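The values are calculated or read from the model by the stated rules, or taken from the named source; none is laboratory data. This structure is a prediction, so every number in the text was calculated from the model and none was measured. With ideal geometry, Cβ positions are generated from the backbone for all residues, glycine too; neighbour counts draw on all protein chains shown. The accessibility values were calculated without ligands, DNA or RNA, using every heavy atom of the protein model including side chains. Shrake-Rupley method; radii C 1.70, N 1.55, O 1.52, S 1.80 Å.
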Amino acid sequence: MTPSSPLGGPGGHGGAELIDAHVHVWDPRRVRYDWLAGTPLDRPRLPGDVDDADGAVSGWVFVEADAAPEAALDEARWVADLEWPGLAAMVVAADLEAPDAGERIGRAAGLPLVRGVRHLLQGLPGERLAAPALARGLAEVARAGLVFDACVRWTQLDALDRLLGDSFDGTVVLDHLGKPPVDEGVRSDAGRSWLASLRRLARHERLVVKVSGLPAEASDRGTLRRHGPDLVRAAVDVFGAERCMVAGDWPVSVGADGGTTAGEWFGLVREVVGADDWPRVAAGTARAVYGIRGRDGEPVRD
């Protein structure tokens with residue numbers, strides 16, 4: 001790893017264990033991904049290709065990559081069968097609005113290393129987020145003892161808050177800091193609205209956030225350098241390090257297809273959170289939330 005990051009933070013990871021809490025792999029030859037068609041990402045992305053920050057990352061949490069709905073379980077089974085020594089946990093797709101959502105979640109939960117479920121909420125209209133079917137499916141996730149990864153844009157954060165309501169007692173991971181308005185920055189009207197929504201969400205004591213995704217939301221590297229650290233700091237101040245986990249979101253946010261490497265992103269986050277809190281953000285929170293076993297220096301998966 002380079003000694004310094006072009007994004008302004010130390011390139012090193014400070015000697016702490018580092019778990020990348022959000023990474024995608026896919027093979028369009030094996031599983032159908034309609035959204036990949038015609039994009040630069042439309043080719044196999046396999047564990048050996050993942051940006052490991054020059055060897056700093058010791059484990060990964062796989063997150064479903066929006067396969068065609070009928071292929072959700074196929075994707076999960078394919079990943080579970082991969083040769084991937086660093087695979088620490090899996091967050092798999094399940095249609096929470098389906099009448100048989102409980103059965104779908106149960107089938108997914110039977111696979112090795114499945115710790116969570118994601119039903120992609122990003123872009124869904126408000127009436128879908130408010131529908132009883134989605135709330136019932138979310139309750140099935142909690143009943144199965146799994147984590148729910150919530151991927152929404154910042155304009156949907158209040159709808160997510162309403163979906164969780166006052167009685168939901170499951171664990172929720174907010175992906176990518178709720179996709180804040182990176183180009184505008186935290187001091188803009190949009191940024192202040194994002195932050196106010198985060199503060200409302202923080203009342204859900206079992207909701208944690210992934211410090212990830214900002215490179216994909218920024219229009220260029222300069223914008224990320226200007227606004228990224230303030231956005232990260234604001235989120236960490238709201239939730240505390242014990243409710244934050246770092247992630248790369250490879251290959252969508254970091255890697256060869258973008259302008260930011262995993263090492264650069266992790267370096268930026270480490271500089272913002274500081275050396276004392278970095279071990280929690282780098283691995284401690286991910287271990288606690290996703291039930292990742294193993295000790296420092298040991299493989300996460302045999």
(1) 234; (2) 130; (3) 119: which one is volume of the Cα convex hull per residue in Å³ as calculated from this entry? (3)
Rounded to whole Hz and in sequence order, give me ³J(HN,Hα) for region 250-255 from the Karplus expression 6.51 cos²θ - 1.76 cosθ + 1.60, θ = phi - 60°, writing x for Gly and Pro. 6, x, 6, 9, 10, x
Could you give the dipole magnitude of the chain about its Cα centre, charging the beta-carbon of Lys and Arg +1 and that of Asp and Glu -1, in debye to the nearest 20? 520 debye
Per DSSP helix of 4 or more residues, -39500 (n - 2.57); summed, then divided by the residues of the chain. What does that give at 222 nm, rounded to the nearest 500? -9000 deg cm²/dmol
Provide the per residue accessible area, probe 1.4 Å, for region 23-62, rounded to a whole number of square angstrom. 48 Å²
Where is the GNM fluctuation largest for the chain (alpha-carbon springs, 10 angstrom cutoff): Asp66, Asp230, Asp166? Asp166
In Å², what does the accessible area per residue of region 212-302 work out to with a 1.4 Å probe? 40 Å²
Which residues' amide hydrogens lie under 5 Å from the amide hydrogen of His22, considering only partners 5 or more residues apart or on another chain, with H built in the peptide plane? Val61, Gly248, Asp249
His227: accessible area at probe 1.4 Å, nearest 10 Å²? 40 Å²
Karplus-derived 3J(HN,Hα) from phi for region 131-144 (6.51 cos²θ - 1.76 cosθ + 1.60, θ = phi - 60°), whole Hz, x at Gly and Pro, runs 6, x, 4, 5, 4, 5, x, 4, 5, 5, 4, 5, 5, 7
If I take R0 = 35 Å and measure r between the Cβ atoms of Arg221 and Asp49 in this structure, what FRET efficiency does the formula 1/(1 + (r/R0)^6) give, to the nearest 0.05? 0.95
For Thr260 the rounded accessible area (nearest 10 Å², probe 1.4 Å, non-protein molecules ignored) is 10 Å²
Under 19 Å from the 7 Å Cα→Cβ point of Ala142, by amide nitrogen: which residues of region 173-204? 173-175, 200-204
Using only the Cα atoms of region 22-172, build the gyration tensor, take square roots of its eigenvalues as a ≥ b ≥ c, and label the shape rounded, prolate or oblate: rounded if a/c is under 1.5, else prolate if a/b is larger than b/c, else oblate. prolate
Val147 long-range amide H proximity, modeled H, under 5 Å: Gly116, Val117
Which ³J(HN,Hα) values in Hz, rounded to whole numbers, follow from the phi angles of region 270-278 under the Karplus curve 6.51 cos²θ - 1.76 cosθ + 1.60, where θ = phi - 60° and Gly and Pro get x? 4, 4, 5, 7, x, 4, 5, 8, 4
Compute the Cα gyration tensor for region 85-154, then decide on rounded, prolate or oblate, letting a ≥ b ≥ c be the square roots of its eigenvalues: rounded whenever a/c is under 1.5, prolate when a/b is larger than b/c in the other cases, and oblate in all that remain. oblate
Would you please classify the overall shape of region 206-302 from the alpha carbon gyration tensor, given that a ≥ b ≥ c denote the square roots of the eigenvalues, rounded means a/c under 1.5, and beyond that prolate means a/b larger than b/c while oblate covers the rest? oblate
The answer for the longest stretch of the chain without any exposed GluC sites (Glu not before Pro) (DSSP loop, at most 11 further Cβ atoms within 10 Å) is 84-204
For Thr260, what residues show an amide H to amide H distance below 5 Å, using hydrogens built from the backbone and excluding near sequence neighbours? Gly255
